[in-house]
Amino acid sequence: MNSLKRMLLRKRVKPFAALLATRKLLKDPDDTRQVFKIIDALSGDVIGRTVKRLSDDATGRELLAKKPNIVDLLNDSERLSAMPPGSIGYTYWQFIHMQNLSADGLIASSEGTKENVGFTADERWTGNRLRDIHDLQHVLTGYGRDPIGELSLLSFMTTQVPNQGINFIIKMGTRKYRQEIPSLDIEALIHEGRSIGQQAAWMPAICWEDRLEESLEDVRTELGFTPPIKYQSSQINQPELFATA
């Protein structure tokens with residue numbers, strides 16, 4: 001495939017596909033596949049831009065060269081559960097078991113998107129990496145999987161890696177909460193997620209494989225992850241995620 005055609009495929013935006021996925025997501029908010037489809041339809045060349053930023057970073061270049069597969073490690077429950085209590089890996093293991101999740105589940109939910117169409121090897125790996133560290137971002141930020149936690153995490157994510165598909169979901173979610181729970185200051189929670197994303201180190205350029213045994217609290221401090229105070233004080237939350245085990 002020539003470079004021009006590959007570029008066009010990467011940048012293609014599919015508004016009708018996004019609309020169809022949005023309708024399905026509104027009918028079933030737990031249908032994670034529709035979230036991936038919306039992001040796929042509207043994200044344009046976000047992966048290409050992310051690869052460029054990785055290429056400009058020393059650790060990012062090393063990750064692109066080695067292309068580690070973090071899924072194997074994140075699926076290794078025996079190894080994760082043996083890590084020190086309070087470590088990133090142990091807390092991640094607690095989180096996925098509490099929520100009945102797996103790294104493979106994210107892969108299954110993303111099936112049918114354009115991640116392998118017109119992408120270079122670096123772009124395919126980067127797209128997969130952004131998907132595979134989603135639940136690690138829950139652990140590092142302290143956001144739970146309740147609807148407000150997910151929406152706040154999306155705000156963090158699109159601040160770190162700007163994505164019009166995610167921005168669309170945030171706008172849709174914000175409008176929903178304005179209508180259904182007007183007493184909730186959803187804008188403040190979205191702003192908090194954005195602020196945490198601005199202050200924290202850039203997650204895609206971190207070799208998380210080498211850091212899972214480190215103290216979660218220490219790494220949060222080192223990398224600038226501030227507690228989501230407004231989220232923790234909201235009615236729908238899981239604030240224990242930001243506490244040390």
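Structure summary
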read-out: Residue count, region 176-198 (criterion: within 21 Å of residue 129 (Cα to Cα) and polar (S, T, N, Q)); value: 1
read-out: Residue, surrounded by the most Cβ atoms within 10 Å (Cβ to Cβ), within region 106-130, restricted to residues that are within 14 Å of the chain's Cα centre (by Cα) and modelled with pLDDT of 90 or more; value: 126
read-out: Neighbours by Cβ (under 7 Å, 6+ apart or cross-chain): first from region 74-88, under 18 Å from residue 217 (Cβ atoms); second in a helix (DSSP H, G or I) and of a type in the set (Phe, Trp, Tyr); value: 80/90; 80/92; 80/93; 83/90; 84/90
read-out: Candidate set: region 75-105, residues that are surrounded by fewer than 17 Cβ atoms within 10 Å (Cβ to Cβ), more than 18 Å from the chain's Cα centre (by Cα) and assigned to a loop (DSSP other than H, G, I, E, B); chosen: the one modelled with the lowest pLDDT; value: 76
read-out: All positions within region 34-48 that are in contact (Cβ under 8 Å) with a residue 40 or more places away in the chain and assigned to a helix (DSSP H, G or I); value: 35, 36, 37, 38, 39, 40, 41, 42, 46, 47, 48
read-out: Selected residue (only one of 180, 217 is among the charged types (D, E, K, R) and modelled with pLDDT of 95 or more); value: 217
read-out: Pair list, Cβ < 8 Å and 6+ apart or interchain, from region 153-172 residues that are among the hydroxyl-bearing types (Ser, Thr, Tyr) to residues that are modelled with pLDDT under 95; value: 155/170; 158/166; 158/167; 158/170
read-out: Residues satisfying the stated conditions in region 44-74, i.e. polar (S, T, N, Q) and surrounded by fewer than 16 Cβ atoms within 10 Å (Cβ to Cβ); value: 55, 59, 69
read-out: Helices (runs of 4 or more DSSP H) (entirely within region 145-221) containing at least 2 residues that are farther than 24 Å from residue 20 by Cα; value: 147-160, 186-199
read-out: Residues located in region 193-213, provided they are surrounded by 17 or more Cβ atoms within 10 Å (Cβ to Cβ) and either of a type in the set (Asp, Glu) or touching a strand residue (DSSP E or B) at 6+ places or on another chain (Cβ under 7 Å) (or both); value: 212
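The values are calculated or read from the model by the stated rules, or taken from the named source; none is laboratory data. Since this is a predicted model, take the numbers as computed values, not measurements. Because the Cβ atoms are built from the backbone with ideal geometry, glycine has one as well, and the counts that use them run over all protein chains shown.
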